[in-house]
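Visitor: Take this structure first; my questions come after.
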Amino acid sequence: MKHILPLILALCLFTNCSKDEASSKDYTYYYPTDEAAITNENIPGSTEAFDPKGIAISKEKLYVINGNVLEIFDALTLAHIKTIKEYTKGSTTIPLTSLTSVSVDNGRIYVGSTESRLFVFDETTNAGISTVGNGQWWQTFVHVFGVVAKDGLVFVKEKEKNIKVLDATQITETSDWNLKPIAKLNTLNGFTEVYSMDVSDGNLVVAGRDAKSYLYYNIANIKANAATSLTTPIEPQKVQFVDIKPIAISFSKDWAVTSENVGSTSYLKLYSKSEFNKMNYNTVLSVSDILGQNPFGTIVATAQLDDRIFLSDNTNKKIRVIKLNKSTIAEQNN
């Protein structure tokens, strides 16, 4: 034990890991270690450069936006399962191009494209259910730079400052491509960047990279003011940062798993989920590399499964798989 204590303290020094505050004199620290990485070498037959963007996890499967295709991996073994290159429904086939984002909810896979389309697939069969938008930017969507589906709603980030909200029941196998949103939201700033969003504790939370803040939209308020928001989009609640640019956000059971840029440095940051939902930003973990090595590039999406954190590192063209380690140190009084 006497050899372990200095090791853990050294790890915390290098990784900026933090302790859980408690009334006892036991201190719990979290620190990351590299476990694996996914690149184009993990995709059989792949000849194109790996271009990871949005990611999502559902039923122990990892979904990765990779340029013009959607890759599916086993989230436990990291084995490649499938590449989806096109949307197919009956006699209709649409090649997937310029993809940005993916979300999985209630048996459906939602895939966003800057070609002004939202593709909806069946999670089990991967068959096409519907498309929203027809590829013309002046129609349903002015491109799609982010999507998240949760609790019966689908949030679609467009170009500039717009998020359109759809009711998932609007999207069926026979629904029209030109669906009208039930509500609109204002992200305050933005242009053509890929955006990350998730839902927690009754709020849509957007990593407001251009607004330099996390943007909170109360879902009950969205529903109550849906009609008027079509004319005047709903603005968020936020705490303004000065130098921090939130890039990615996802929620697991206990954590808000985020990436943030400060200047040219990219950080993986973990916050207590309950505190983050109250806009209290005290990090449990804040690291820009792993033990002083392998610095992160721009992390455009995050996800967590058990003690594994998945990072879509677009700069370094890989999905980094990080293990979240936990250690408890008992303070000794002499």
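A quick yes/no check of all residues on (1) assigned to a strand (DSSP E or B); (2) within 16 Å of Ala149 (Cβ to Cβ):
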| position | (1), (2) |
| --- | --- |
| Ala56 | yes, yes |
| Tyr63 | yes, yes |
| Leu70 | yes, yes |
| Thr83 | yes, no |
| Tyr87 | yes, no |
| Ser101 | yes, yes |
| Tyr110 | yes, yes |
| Glu115 | no, no |
| Thr131 | yes, yes |
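Visitor: Here are some conditions: (1) of a type in the set (Val, Ile, Thr); (2) under 26 Å from Lys157 (Cβ atoms); (3) open to solvent by less than 20 Å² (accessible area, probe 1.4 Å). Ile43 meets all but one. Which one does it not meet?
Guide: Going through (1) of a type in the set (Val, Ile, Thr); (2) under 26 Å from Lys157 (Cβ atoms); (3) open to solvent by less than 20 Å² (accessible area, probe 1.4 Å) one by one, Ile43 breaks only (2).
Visitor: So, one more: Scan segment 144-157 for residues that are assigned to a loop (DSSP other than H, G, I, E, B), surrounded by fewer than 24 Cβ atoms within 10 Å (Cβ to Cβ) and at pLDDT 95 or above and jot them down.
Guide: Scanning segment 144-157 gives a single hit, Gly152.
Visitor: Of all residues in segment 91-105, which are open to solvent by 60 Å² or more (accessible area, probe 1.4 Å) and touching a residue at least 24 places away in the same chain (Cβ under 8 Å)?
Guide: Thr92, Pro95
Visitor: Residue by residue through segment 304-334, note down the ones that are open to solvent by less than 10 Å² (accessible area, probe 1.4 Å) and of a type in the set (A, V, I, L, M, F, W, C).
Guide: Passing the criteria: Ile309, Phe310, Leu311, Ile319, Val321, Ile322.
Visitor: Here's a follow-up. Identify, by number, the condition in (1) over 21 Å from Leu311 (Cα atoms); (2) in contact with a strand residue (DSSP E or B) (Cβ under 6 Å, 6 or more places away or on another chain); (3) not small (Gly, Ala, Ser) that Pro246 doesn't meet.
Guide: (1)
Visitor: Scan segment 162-189 for residues that are open to solvent by less than 20 Å² (accessible area, probe 1.4 Å) and assigned to a loop (DSSP other than H, G, I, E, B) and report the count.
Guide: Qualifying residue count, segment 162-189: 2.
Visitor: Collect the residues in segment 233-280 that are under 16 Å from Leu215 (Cβ atoms) and of a type in the set (D, E, K, R), keeping them in residue-number order.
Guide: Across segment 233-280, the qualifying residues are Glu235, Lys238, Lys245, Glu260, Lys278.
Visitor: Continuing with the same structure: Do we have Leu70 as surrounded by 14 or more Cβ atoms within 10 Å (Cβ to Cβ), out of contact with any Gly (no Cβ under 6 Å at 6 or more places or on another chain) and within 27 Å of Asp289 (Cβ to Cβ) here?
Guide: So Leu70 fails the test.
Visitor: Every residue in segment 287-303 that is in contact (Cβ under 8 Å) with a residue 12 or more places away in the chain, open to solvent by 20 Å² or more (accessible area, probe 1.4 Å) and among the polar types (S, T, N, Q), please.
Guide: Ser288, Asn294, Thr298
Visitor: In addition: Which residue, of Ser229, Ser264, is small (Gly, Ala, Ser) and open to solvent by 20 Å² or more (accessible area, probe 1.4 Å)?
Guide: Ser264
Visitor: Right, next: Of the residues Ala56, Ala127, which is closer than 30 Å to Lys323 by Cβ and touching a residue at least 24 places away in the same chain (Cβ under 8 Å)?
Guide: Ala56
Visitor: Being under 22 Å from the mean Cα position of the chain (by Cα) and outside any strand (DSSP E or B) is the filter; apply it to segment 232-249 and report the residue that is surrounded by the most Cβ atoms within 10 Å (Cβ to Cβ).
Guide: Per the criteria, the residue is Pro236.
Visitor: Residue under question is Ser213, and the condition is that it be within 14 Å of the chain's Cα centre (by Cα) and more than 25 Å from Trp137 (Cα to Cα); does it hold?
Guide: No.
Visitor: Still on this structure, I have one more. Kindly list the number of the only condition in (1) within 16 Å of the chain's Cα centre (by Cα); (2) within 22 Å of Ile57 (Cα to Cα) that fails for Ser272.
Guide: All conditions pass for Ser272, except number (1).
The values are calculated or read from the model by the stated rules, or taken from the named source; none is laboratory data. Please read all numbers here as calculations on a predicted model, not as lab measurements. Please note: Cβ atoms are built from the backbone with ideal geometry, for glycine as well, and neighbour counts cover all protein chains shown. Accessible surface is based on the protein model in full, side chains and every heavy atom, while ligands, DNA and RNA are left aside. Shrake-Rupley method; radii C 1.70, N 1.55, O 1.52, S 1.80 Å.
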